[in-house]
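The values are calculated or read from the model by the stated rules, or taken from the named source; none is laboratory data. These figures come from a predicted structure and were not determined experimentally. Note that each Cβ is placed from the backbone with ideal geometry, even for glycine, and that neighbours are counted across all protein chains shown. All accessible areas refer to the heavy atoms of the entire protein, side chains included, with ligands and DNA or RNA removed. Shrake-Rupley method; radii C 1.70, N 1.55, O 1.52, S 1.80 Å.
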Amino acid sequence: MNNATPDTIRQAIANHPDPETGRPLDSMGQLKDVSIEGNRATIQVGLTSHSAPIADELADALTSKVVAAAPGTEVKVEFVPHERPPARAGQIGLRVKSVIAVGSGKGGVGKSTVAAGLALTLRRLGATVGLMDADVYGPSIPHLLGLSGRPSVNAAKQIEPIMLAGNMPVMSMGFLVEPDQAVIWRGPMLHGSINQFLSDTDWGELDYLIIDMPPGTGDVALTLSQALPLAGAVVVCTPQEVALLDAVKAISMFRKVNIPIQGMVENMSGFVCHDCGKTYDIFGRGGARAKADEMGVPFLGGLPIDISLRTAGDEGRLAEVIDADERARAPLDAVAKAVVRELATRASASPPKASLPVLLSLIHISEPTRQLT
Ligand code: ADP
C-alpha cells in the first residue's frame, strides 16, 4: 500500500509544463484522467502532435514526479491526442506552429540531408511537417527524396506542393526549373519567390515547417525573418576547424537578422566501420560541441558518416532508408528530439500569453461540462 490518491497524483503533476506552450498541463485541460487500482496509477494526458516526438520524455518526467510524491506507485502514462490548431504565422496565411531554418556556413556539409532528415524524423515521430527548400541556388531536396513533378495551382489560386507519401508537403525551386537551367537571382526576385513559397503554397496546418536555407549568404534569412517569426535556426557543420569557422559566421548571420539559434549539429562526425566496429574520426570529432559551448548555443547532436545515408540521398531514397534503417536513423532521432526539447525548454522558460486559438480550444474543452450541467 502507498499513500497515492488521484488528488495527490494530480497535485504532483498539475503544474508540469505542456512541452508545446510551457503552460501547466492542468490549466490547459490536458490532465484528462487519473485512476488508481492498488498501487498502480494510470494517468491520461492530452498531447499535441507538435510534442509527440518527446512523448517518452514527458512520460518519464511525469512518472518521476508521481513516484517522488507517492513512493512505490507504479505509473502508466497514456497519451491521447489533444487538438490545438496553429495560429497564423506573421502577416501571411501560413498556419504553422514552429518554423525551423536549417543553415550552414558553406555547401557540402550535409545541410540538405539534415534538413530532410529532420523533417522526415519529426513526421515519423508523430508531428505534422512540411519541408521548404529555400536553397534556391542549388535545390537538392527533390533529388534526395526522389520527388519530381510540377506543382499545380488549385481553385483557391494556391500552389499545391508536391506531397511525400501523401502526407508531407514539399516545395522547392527544383520543381519549377529544369535541373540544368541556371537561375540568376536578383534581390527582389528572390524575396518575392521566398514569400510566395511561404504564403501562396497550400501547406495545410503544420506543427513544423523545416526550411533548407542556402549556405552562407544572409538575404534569404533576412526575407524569412521579415515574413514570419522563426522558432530558430539549426546550424550544420563538419568537425574540421575551417568548417567550424564558417559555422560561426552562419550563427552571427542568423543573429544579425534576429533569428534565434536553435543549436548546432555536427555532421560527418566520425565513421563507424560496420565490418570491424571501429570508429575512424575522418574529419575529427567533437569540434562542433566545443564550438557550441564557446558560442553559448545548444549542441543538438552528431551524425556519423554513414554510407547508407549517402547512397539513399544519391538514389532519392532518403525517406525509405530513414523509415526502414534503425541504425541510420538513430542519430537523426536524437537530433529531432533535441530540437523539440529545446523548443519545450524555451516555452517553459517564458510561456506565451494565451492567444485566441488557445482560448477557443479551452472553450471547446469546457463544452461537454456545460452540456452536462
Ligand atoms: P549541403 O546541403 O550542405 O550541400 P548535402 O546534404 O547535399 O549537403 O550533402 C552533400 C553530400 O554528402 C550528399 O551526397 C549527401 O548524401 C552526403 N552526406 C551528407 N551527410 C552525410 C552523412 N552523415 N554520411 C554520409 N554521407 C552524407
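Brief remarks follow.
- For the criterion of being assigned to a helix (DSSP H, G or I) and either within 16 Å of the ligand (Cβ to nearest atom) or surrounded by fewer than 21 Cβ atoms within 10 Å (Cβ to Cβ) (or both), Asp333 passes.
- Among all residues of the stretch 7-29, there is at least one that is open to solvent by 60 Å² or more (accessible area, probe 1.4 Å), free of Cβ contacts under 8 Å to residues at least 60 places away in the same chain, in contact with a Pro (Cβ under 6 Å, 6 or more places away or on another chain) and assigned to a loop (DSSP other than H, G, I, E, B).
- Checking the stated criteria, Met264 turns out to be aliphatic (A, V, I, L, M), open to solvent by less than 30 Å² (accessible area, probe 1.4 Å) and touching a Leu at 6+ places or on another chain (Cβ under 8 Å).
- The residue of the stretch 64-78 that is farthest from Ala127 (Cα to Cα), among those that are open to solvent by 60 Å² or more (accessible area, probe 1.4 Å) and free of Cβ contacts under 8 Å to residues at least 60 places away in the same chain, is Ala68.
- Number of the condition not met by Leu309 [criteria: (1) near the ligand (Cβ under 10 Å from one of its atoms); (2) in contact with a Lys or Arg (Cβ under 8 Å, 6 or more places away or on another chain)]: (2)
- Test: residue in the stretch 55-63 that is more than 23 Å from Val129 (Cβ to Cβ), assigned to a strand (DSSP E or B) and touching a residue at least 12 places away in the same chain (Cβ under 8 Å): no
- Ala52 meets the stated requirement of being more than 26 Å from Asn195 (Cα to Cα) and away from the ligand (no atom under 16 Å from the Cβ).
- Tally of residues being basic (Lys, Arg), assigned to a helix (DSSP H, G or I) and either buried (at least 24 other Cβ atoms within 10 Å of the Cβ) or touching a strand residue (DSSP E or B) at 6+ places or on another chain (Cβ under 9 Å) (or both) across the stretch 85-142: 2
- Residue match in the stretch 146-157 (condition: under 25 Å from Arg23 (Cβ atoms) and touching a helix residue (DSSP H, G or I) at 6+ places or on another chain (Cβ under 7 Å)): no
- Filtered residue count, the stretch 143-175, keeping only those that are in contact (Cβ under 8 Å) with a residue 60 or more places away in the chain and part of a loop (DSSP other than H, G, I, E, B): 3
- Neighbours by Cβ (under 6 Å, 6+ apart or cross-chain): first from the stretch 300-311, under 22 Å from Ala338 (Cβ atoms) and among the hydrophobic types (A, V, I, L, M, F, W, C); second near the ligand (Cβ under 8 Å from one of its atoms) and open to solvent by less than 20 Å² (accessible area, probe 1.4 Å): Leu303/Asn267
- Among the candidates Pro161, Pro179, Pro188, Pro169, the residue that is out of contact with any Lys or Arg (no Cβ under 9 Å at 6 or more places or on another chain) and within 16 Å of the ligand (Cβ to nearest atom) is uniquely Pro179.
- Looking only at residues of the stretch 75-115 that are within 16 Å of the ligand (Cβ to nearest atom) and among the β-branched types (Val, Ile, Thr), we find that the one that is farthest from Pro331 (Cα to Cα) is Ile100.
- For the stretch 206-214, the criterion of being within 16 Å of the ligand (Cβ to nearest atom) and either touching a Ser or Thr at 6+ places or on another chain (Cβ under 6 Å) or at pLDDT below 95 (or both) is met by at least one residue.
- For the stretch 233-245, the criterion of being modelled with pLDDT under 95, assigned to a helix (DSSP H, G or I) and open to solvent by less than 10 Å² (accessible area, probe 1.4 Å) is met by at least one residue.
- Pairs, first β-branched (Val, Ile, Thr) in the stretch 79-106, second assigned to a strand (DSSP E or B) and open to solvent by 20 Å² or more (accessible area, probe 1.4 Å), C-beta under 7 Å, six or more apart: Val80/Lys32; Val80/Gln44
- Test set (1) within 16 Å of the ligand (Cβ to nearest atom); (2) surrounded by fewer than 16 Cβ atoms within 10 Å (Cβ to Cβ) - Asn258 fails condition number: (1)
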